[in-house]
């Protein structure tokens, strides 16, 4: 709630853009990965990069549930997460009450950085952009896609 309220406040003072919406959660994702390393609490990482990314995304949703309802779809070299908007706990519009015209989502940076920090020594993890945006929004859900490839 505090992150989305912060984002709503940035909008009110005219300082809201995708860069600051992406960077703060990205830093949080890296910090959560460091915490997981210290605690050795993340799942055993086996299988290919996509499978490992799936395990870490599920783990992240346990330690810090970003949405109540979400789905994963795995491809050969990508993982897609669908987040149902009414259950998202990070939406600046739905939770923070920000009047936004553009798709400014703090959700992107957190799982991207968390997963990349934990498997980045063996796999490249990158956001897949669609129509120049990392988040594809539909009326009822948003979609994030990550490409995972061997180093």
Computed from the beta carbon distance with a Förster radius of 35 Å, FRET efficiency for residue 68 and residue 20 to the nearest 0.05 stands at 0.85
Full-stretch length increase - residue 35, residue 140 - with 0.36 nm per residue and alpha-carbon distance subtracted: 34.5 nm
What's the extension gain from residue 5 to residue 48 if we count 0.36 nm per residue and subtract their Cα-Cα distance? 11.7 nm
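Since every read-out is calculated from the coordinates, none of them should be taken as a lab result. Predicted, not measured: the structure shown is a model, and the values here were computed from it. Using ideal geometry, Cβ is built from the backbone for each residue, glycine included, and neighbour counts are taken over all protein chains shown.
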